[in-house]
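Chemist: The following block contains the structure, expressed as structure tokens.
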Amino acid sequence: MKLRVTCDGKVLSGTCSMPGDKSVSHRAALLASIAEGTTDIYNYLWGADCLQTLQCLKRLGVVVEKRDGFIRIIGRGLDGFQEPEEILDAGNSGTTIRLLLGLLAGQDLFAVLTGDKSLCQRPMDRVINPLSMMGAQIQGRFGNRYAPLAIRGTCEVRPIEYTLPVPSAQVKSALLLAGLNASGTTTIIQPLPSRDHTERMLQVFGARLKVKGNVIQLAGKKTLKGQVIKVPGDISAAAFLIVAATLVRDSEIMIQSVGVNSTRAGILDVLKMMGADIQIQDMRLWNKEPVADLLVKSADLEGTVIEGELLPRVLDEIPVLAVAAAAARGETVIRDADELRVKETDRLQAIATELRKMKAVLKEKPDGLRIRGGQLQGARVNSWGDHRIAMALAVAGLIARGETIVEDASCLNISFPAFSDIFRKLGAGIDAQN
Ligand code: S3P
């Protein structure tokens, strides 16, 4: 599938809501699967990554039922998974493979996990090493660094104290999930805060978890209880609409019920620093996650610096922020973003290469980008098979002169299947074509 994008003086206006948050959806399904009793999850993200998590859980003997407007998961208790007969396939999803590995570290069974070509090239040693210290036996390709992976878990997990070498929520979450079956307290020290959905949701399910500053402590062997979970709208999906409505002159949109957890919502801070007009309205809590409605009006942007502690809070939004920077007055500098090189694709290289085809003026650095704002030109660009690159380029097309074609765009089904429908309903010229 490709996207054909034109600007033709159209504005974005109206109200919309977002699909469920990808990170929160994964966590809701995983915790439900090891809870006692039934969990109903509303607004679960019906995208490829989160469906892959459900398929893996089914292979571990978990009952997952699709109901009208929600999914029901019947938990098997802390160590009740069945040994899977089939390989657990995480598809394109880093969150699925890494968090599942953490969960399986605490189960007395053998399993093999794999993923697609992109996932099999992403580093797994960041979870394999600490999970091995906790007692799991894990083997992988190329010196135990890449999937496919084979794991033999244990229900006698050793509690550890571990300082995260990278500010990764996936690593933190994998260790917490393993720690649920530890006899004692697992302590994780995070030098920089990353998204804390796992910590919040563990508390919702009744785990004994404490957070003090940058130290997280989880007491093991505490039974989790099934819950009713409402998944907030995904701010990482909303990011494309927020940037589009900011950049397309005379636009005004309302995005309802978006998750605005501060460990995730750095995009709002960065865009405001750049001069965006975003009002955060009717803040409320859904299962300990802050949710709000966002009113976005178009505005002129100025270049900025994105670095340091901001990075983990805007990690997945860098491609679309690069588009915002390419349309802003002056220069934007993005530093400390080397983690983007080990995402679904090397996102720094991908966005730099493709935006250059649209006549953006930018330099790629080992850990970031330097972007000078100007007028983009429509072009034929490619997603590199990465959902966030595909959608960021479509937003770029909305402010470019002439037509833009985004090739290989079906990957947007990973996180935002309704992307072009929602944009079209708001009036934007984005069409999906086969
Ligand atoms: C995620 C954590 C981040 C993020 C990814 C989702 C999660 O990855 O980029 O899209 O759900 O925990 P890292 O933990 O590798 O930084």
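Chemist: Is there a residue being open to solvent by 10 Å² or more (accessible area, probe 1.4 Å), assigned to a helix (DSSP H, G or I) and of a type in the set (A, V, I, L, M, F, W, C) anywhere in the range 31-50?
Modeler: Yes.
Chemist: List every residue pair whose Cβ atoms lie under 8 Å apart, where the two residues are 6 or more positions apart in sequence or sit on different chains, the first residue falls within the range 325-351 and is over 25 Å from Q375 (Cβ atoms), and the second residue, located anywhere, is away from the ligand (no atom under 16 Å from the Cβ) and assigned to a helix (DSSP H, G or I).
Modeler: Cβ pairs passing all conditions: R341/Q349.
Chemist: Mind checking which residues of the range 1-21 are surrounded by fewer than 23 Cβ atoms within 10 Å (Cβ to Cβ) and assigned to a loop (DSSP other than H, G, I, E, B)?
Modeler: The answer is M1, C7, D8, G9, K10, V11.
Chemist: So, one more: Would you say R388 is out of contact with any Gly (no Cβ under 8 Å at 6 or more places or on another chain) and open to solvent by less than 30 Å² (accessible area, probe 1.4 Å)?
Modeler: yes
Chemist: When you scan the range 285-307, do you find a residue that is assigned to a strand (DSSP E or B), within 14 Å of the ligand (Cβ to nearest atom), of a type outside the set (A, V, I, L, M) and modelled with pLDDT of 95 or more, even just one?
Modeler: Yes, there is a match, as at least one residue in the range 285-307 is assigned to a strand (DSSP E or B), within 14 Å of the ligand (Cβ to nearest atom), of a type outside the set (A, V, I, L, M) and modelled with pLDDT of 95 or more.
Chemist: Please go through the range 236-245 and pick out each residue that is out of contact with any Asp or Glu (no Cβ under 7 Å at 6 or more places or on another chain) and within 15 Å of the ligand (Cβ to nearest atom).
Modeler: A237, A238, F240
Chemist: Here's another thing I want to ask about it. What's the number of the only condition in (1) within 28 Å of A28 (Cα to Cα); (2) in contact with a strand residue (DSSP E or B) (Cβ under 8 Å, 6 or more places away or on another chain); (3) outside any strand (DSSP E or B) that L271 fails to meet?
Modeler: Failing condition for L271: (1).
Chemist: In addition: Counting only residues that are part of a strand (DSSP E or B) and more than 16 Å from the ligand (Cβ to nearest atom), which one in the range 166-188 is surrounded by the fewest Cβ atoms within 10 Å (Cβ to Cβ)?
Modeler: The extreme case among them is T185.
Chemist: To continue, here is another question. Which is over 27 Å from E307 (Cβ atoms) and open to solvent by 30 Å² or more (accessible area, probe 1.4 Å), of R341, R401, R356?
Modeler: R401
Chemist: Let me ask another. Every residue in the range 244-257 that is open to solvent by 30 Å² or more (accessible area, probe 1.4 Å) and in contact with a Cys (Cβ under 9 Å, 6 or more places away or on another chain), please.
Modeler: Within the range 244-257, M254, Q256 meet the criteria.
Chemist: Out of everything in the range 151-165 that is outside any strand (DSSP E or B) and of a type outside the set (A, V, I, L, M), what residue ends up being nearest to the ligand (Cβ to nearest atom)?
Modeler: Taking the candidates together, the pick is P165.
Chemist: Pick out the one residue from T198, T223 that is β-branched (V, I, T), part of a loop (DSSP other than H, G, I, E, B) and in contact (Cβ under 8 Å) with a residue 12 or more places away in the chain.
Modeler: Of the residues listed, the single one that is β-branched (V, I, T), part of a loop (DSSP other than H, G, I, E, B) and in contact (Cβ under 8 Å) with a residue 12 or more places away in the chain is T223.
Listed here are the residues, each with its yes/no results for (1) more than 20 Å from G9 (Cα to Cα); (2) acidic (D, E).
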{"site": "E354", "(1), (2)": "yes, yes"}
{"site": "L393", "(1), (2)": "no, no"}
{"site": "A396", "(1), (2)": "no, no"}
{"site": "E403", "(1), (2)": "no, yes"}
{"site": "F416", "(1), (2)": "yes, no"}
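Chemist: For I389, indicate whether it is closer than 18 Å to I235 by Cα, assigned by TED's automatic domain parsing to the domain that holds A245 and modelled with pLDDT of 95 or more.
Modeler: yes
Chemist: Got at least one residue in the range 14-26 being more than 16 Å from L241 (Cα to Cα) and over 22 Å from the mean Cα position of the chain (by Cα)?
Modeler: Within the range 14-26 (the criterion being more than 16 Å from L241 (Cα to Cα) and over 22 Å from the mean Cα position of the chain (by Cα)), the answer is no, since none of the residues qualifies.
Matching residues to (1) crowded, with 24+ Cβ neighbours inside 10 Å; (2) under 24 Å from the mean Cα position of the chain (by Cα); (3) among the charged types (D, E, K, R); (4) under 23 Å from V63 (Cβ atoms):
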site	(1), (2), (3), (4)
Q203	no, yes, no, no
V228	no, yes, no, yes
G233	yes, yes, no, no
A237	yes, yes, no, no
I242	yes, yes, no, no
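The values are calculated or read from the model by the stated rules, or taken from the named source; none is laboratory data. Because the structure is predicted, anything quoted here is derived from the model rather than measured. Backbone-built Cβ (ideal geometry, glycine too); neighbour counts: all protein chains shown. Side chains included, ligands, DNA and RNA excluded: accessible areas come from the protein's heavy atoms. Shrake-Rupley method; radii C 1.70, N 1.55, O 1.52, S 1.80 Å.
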